[in-house]
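The values are calculated or read from the model by the stated rules, or taken from the named source; none is laboratory data. What you see is a predicted model, and the numbers here were worked out from it, not measured in a lab. As a convention, Cβ positions derive from the backbone with ideal geometry for all residues, glycine included, and neighbour counts pool all protein chains shown.
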């Protein structure tokens, strides 16, 4: 049995919520090619996954909320910062599935709503602001809330760690198979993928899936939060959990599949850089596609810099993976 079929069959056993539009398209970036003098360049449009302006978290939630529905849960509890794309997409997905969503923000209640906060309001989400507390305090609040709901006879389901859990990471294991089949069918010249990593679940799922498929692509991971040693450890910790879930061995090393960069994150999570702020303007003015300035812009900055340094071979097909999160741009634009 070939590797793709093995992976497909392993993924089939997990319940999935029908909340996204897949596969997302791959498009060629003709104008950017002319600008940088390298061809072909591609974009994987996970900003078009179909819920709340799209984004990578739809793929994680496909499996997490599939699990919640299979367990007959009625309330989804999700944590995040005030402009969390995950919280917004979870509220949209919960509405689609007929579930209640409670968002727990570790921030003060805003005096005006912008970006994702506007969408949360329109979605009718139960948004709770618990002040500028650390992640441990936020997690304890969620656990207490879940226990209180259970005591009342409700059936809550908690989304942990930015949906970057082994079960959530299956969304990008599945996406590795998706892009592999797209490239195979279209005969596109694509050898490298450039993707951002924060908590690490998205990139870990992609790395595992590509490893299981026999490494058809090299993954260039642009960290937006952790140094590369920490991020490599995060990826490494995901691999045995994904092997356990899917029953398929990751018979290679992280370094066989991926190159990790921590050169483009600036001060880290939620912080822009001069280069990422410029990219917020450059990319839509070049390709008509928007990015925001603290996450999706950084892998573009990294890709452009690597291209300028001739890190990719001539005629090597390189794909920028757009992970969405565009509503946050409307809360950032005053600062651009």
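Against the definition (out of contact with any helix residue (DSSP H, G or I) (no Cβ under 7 Å at 6 or more places or on another chain) and under 22 Å from residue 232 (Cα atoms)), how does residue 277 come out, yes or no? It is false that residue 277 is out of contact with any helix residue (DSSP H, G or I) (no Cβ under 7 Å at 6 or more places or on another chain) and under 22 Å from residue 232 (Cα atoms).
Residues of the range 155-177 that are more than 20 Å from residue 106 (Cβ to Cβ) and within 15 Å of the chain's Cα centre (by Cα): 166, 167, 169, 170, 171, 172, 173, 174, 175, 176. Exactly one residue out of 238, 312 is in contact with a helix residue (DSSP H, G or I) (Cβ under 7 Å, 6 or more places away or on another chain) and surrounded by fewer than 22 Cβ atoms within 10 Å (Cβ to Cβ): that is 312. Of the residues making up the range 261-299, just one is over 18 Å from residue 327 (Cβ atoms), under 19 Å from the mean Cα position of the chain (by Cα) and touching a residue at least 60 places away in the same chain (Cβ under 8 Å), namely 299. The number of residues in the range 154-182 being surrounded by fewer than 16 Cβ atoms within 10 Å (Cβ to Cβ) and either at positive phi or in a helix (DSSP H, G or I) (or both) comes to 2. On the basis of being over 19 Å from residue 85 (Cβ atoms) and either surrounded by fewer than 24 Cβ atoms within 10 Å (Cβ to Cβ) or modelled with pLDDT of 95 or more (or both), does residue 223 make the cut? For residue 223, the condition - over 19 Å from residue 85 (Cβ atoms) and either surrounded by fewer than 24 Cβ atoms within 10 Å (Cβ to Cβ) or modelled with pLDDT of 95 or more (or both) - is not met. Could you please find all residues in the range 272-298 being under 16 Å from residue 53 (Cβ atoms) and in contact with a strand residue (DSSP E or B) (Cβ under 8 Å, 6 or more places away or on another chain)? Listed by number, the residues that qualify are 289, 291, 295, 296. On inspection, residue 112 passes the criterion of being farther than 26 Å from residue 219 by Cβ, without any contact (Cβ under 8 Å) to a residue 12 or more places away in the chain and more than 18 Å from the chain's Cα centre (by Cα). Exactly one residue out of 146, 151 is surrounded by fewer than 20 Cβ atoms within 10 Å (Cβ to Cβ), in contact with a strand residue (DSSP E or B) (Cβ under 6 Å, 6 or more places away or on another chain) and either more than 24 Å from residue 246 (Cα to Cα) or not assigned by TED's automatic domain parsing to the domain that holds residue 315 (or both), and it is 146.
Scanning the range 26-64 for residues that are in contact with a helix residue (DSSP H, G or I) (Cβ under 8 Å, 6 or more places away or on another chain) and assigned to a strand (DSSP E or B) turns up 26, 41, 43, 44, 55. Does residue 196 qualify as being buried (at least 21 other Cβ atoms within 10 Å of the Cβ), touching a residue at least 24 places away in the same chain (Cβ under 8 Å) and outside any helix (DSSP H, G or I)? Taking the combined requirement at face value, the residue satisfies it.
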